[in-house]
1. Okay, which of the stretch 293-329 sit inside 13 Å, backbone N to the point 7 Å along the Cα-Cβ direction of residue 426?
2. On a full-extension model of 0.36 nm per residue, what is the gain between residue 86 and residue 309, subtracting their alpha-carbon distance, rounded to one decimal in nm?
3. Would you mind checking the pairs 149/253; 153/191; 243/433 and listing those with alpha carbons more than 19 angstrom apart?
4. When a/c is below 1.5 the answer is rounded, else prolate if a/b is larger than b/c, else oblate, so apply that to the stretch 202-351 with a ≥ b ≥ c taken from the square roots of the Cα gyration tensor eigenvalues.
5. So, how do all the Cα-to-Cα distances of the stretch 138-183 break down into 10 Å bins, in percent, from 0 on up?
6. If you place +1 on the Cβ of every Lys and Arg and -1 on the Cβ of every Asp and Glu, how big does the dipole about the Cα centre of the stretch 181-308 come out, in debye to the nearest 20?
7. Mind checking the full-extension length gain between residue 535 and residue 518? Use 0.36 nm per residue of separation minus the Cα-Cα distance, one decimal, nm.
8. Please say if the stretch 315-423 is rounded, prolate or oblate, where rounded means a/c under 1.5 for a ≥ b ≥ c the square roots of the C-alpha gyration tensor eigenvalues, and otherwise the choice is prolate for a/b larger than b/c and oblate otherwise?
Amino acid sequence: MDPWHWQPWFPDTAQQLPVDGICTFKNYQRVIKAPKYQHTATSLPFIKYIQLRFYQSPFLMMDNLQRNKTTATQAMAIEDGKDHPFRPGETNLARYFDLLKQRRALPVSAKRQEFLDAYHQNQVLVLSSEPGSERAVRIPQFIFFDEWKGDGKIACTHTRRIAVASAAERTAAELDVHVGAEVGFAVRFDKVRHGRTKLLYMTDRTLLEAARIQPNFNDFACIIIDEAHERALATDMLLGLLKVAISQRTDLKVGVMLATSDTQRFLDCFGDKKAAHFELSGQNHPVQITYIKEPILEVFSAALNLAKCIHEKEEDGDILIFFSSAGECEEACLLLGKNTRDLEVLPLYSELPEHQKSRVLQKSTKRMCVCATNIAEASMTVDGIVHVIGLETLLTGPISQAAARLRADCAGRIKPGFCHRLYTYKSFKEEMKTFSPPKIHENGISESILKLKAMGFDNVAELDFVDPTHPGILFRGLEDLEHILEMLILAALDGSNIYLRPHGVRYFADLARQQFADFISDHLAQLHAFHAYSHAKQQTSPELPDKERVGLDIRQWCFDAFLNHSVLDEVARVRQQLKEQFHLLFPDWRAPNTTLFIDPNYEINIRKALARTFYYRSAFRDPAGVDQYRVYMSNVTAVEPGWLASGTRLLQGN
């Protein structure tokens, strides 16, 4: 797009004009390149008009944009300008134009005006995307220019922290700005933003927390929910809140982005009058999919053997193996690392520290094999993958057909690829559901219920979600809230791994972990580690007198103990945050009971709290089967707290 424009200029009076030169007129920098007629001192009064060629700086062009009226031509003219649109007097770097050329080559760029038309005409857009569309950065950028002159921000949510940071960094690089300036991100306890930040990438949980203060999302002009196909609990909660918000705010725009074709349920949720569907074009190479002929029992070993065979016999191309848990990923890395040569094996799962996750995005001189959970389906794009090995299950059961297709698409990002499915075609068609079930239909939604109540939704059952929630699940969530104060530390620990097991030193990590071990309870073992960390940190507190203070580097202490400092620090903050929120929301409730770590009844009280809080998740070993357990009914208090406190009979199945 050429930022130069021809425009006729009609002189009011005879005046001397340069044939070539620069003059300023109404804040535009106009460069006279060629007059329509040759003019001299004698002929000038008879000139009807002169054709001027003028250049308007991108900075001024940004100022002339109008909310929800921006065209693709206007936005592209700003992007093509040599001058920086946000920093007057500066020019764009060469890398900026390299990235601009790359993204203009994507099929989705050709639909920019078509997308803007749909965005202007509808309050809600449900966007389905093909592989390689780069929707996470393309769509927010399209909206960025359109919403620039509005008062509200643009929020774009993802389900995982690593995807939030990655999208923010990529978008900032393409706009040639610093992360935290016009583009920022916000995750729990880590916010990189400024007062002038227009586009804010967030986790869905972070935006849900912000909605506790502003249920109508008053700070935002547009909210984009990415990865909605994963049906995460926080995502579905947000969609329910947004449905209420758009009925009260006609100026609020909502985008729901999917990597699958499951669009109709979202259109039905918001209604045909307010919502429309828009399909994004992608750029992916063909992927050859293979199945096994007969089911196999040792799927884990088969996946490792297949990866080794590919590495030894197939041409170059990185390998991605999907496993059902973080433990399987770590074990696979260990075994493949021992039994292969010239293969860099890396794990990838949610609980992994951020700096280790980012290693899979870095270039390697060796062929790379990534052992991942479902985080690699859509949240992270690993370039270079040609071979994908897919297993049938997650921890909770079979994956969906949609998830299987997402995994296959990972193999065709840079060239034609291969997807080796270690299950039969019959299993794919008959045993797998078409789409993943929403997490809101599962247990453990007490935290979200608490937040919804804090927003004023006293009757949570009446909130209109994408898929209606079974009353029994809501009831169990409310039951959880009756006992949540007794479990603040364990709640803070939930979902995070405080232990580190780096490659090459796992033996020493396991030895260090034994100092916190409890032969009965993993919960108590984690509490032991947390209290050891708290004690060490307290000894280094600047509030202590110099004589009592210990010259200890708490990060080094965690490193030596193979503990994750960032997770432990977050646990302490989450625990304090939970206490403060509860006192704020329920000031009349009594303070939670606490037991000192040195108290002889400490472990007994923790076991009582576990039994009392999670009695409906308790189980006993079935004497009729091997390693089989029966779960008690969720609405019956089947376990007395004293049973777990007085002994280990129930846990050991004796």
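1. Zone members listed by number: 293-296.
2. Working: separation 223, 0.36 × 223 = 80.28 nm, distance 5.22 nm.
That pair, residue 86 and residue 309, stretches by 75.1 nm at full extension.
3. Numbers: 149/253 15 Å; 153/191 15 Å; 243/433 27 Å.
Among 149/253; 153/191; 243/433, the Cα-Cα distance tops 19 Å for 243/433.
4. On the way: a/c = 3.04, a/b = 2.25, b/c = 1.35.
In terms of gyration-tensor shape, prolate.
5. That works out to 25, 60, 15, in percent per bin.
6. On the way: 16 positive and 16 negative charges, 84 e Å.
For the stretch 181-308, the charge dipole is close to 400 debye.
7. Numbers: separation 17, 0.36 × 17 = 6.12 nm, distance 1.86 nm.
Extending this stretch completely gives an extra 4.3 nm.
8. On the way: a/c = 1.41, a/b = 1.15, b/c = 1.23.
Taking the square roots of the gyration eigenvalues as a ≥ b ≥ c, the stretch 315-423 is rounded.
Values quoted throughout were computed directly from the atomic coordinates according to the rules given, and no laboratory measurement underlies them. Remember, it's a predicted structure, so these values are computed and weren't measured experimentally. Neighbour counts run over all protein chains shown; Cβ positions are idealised from the backbone, glycine included.
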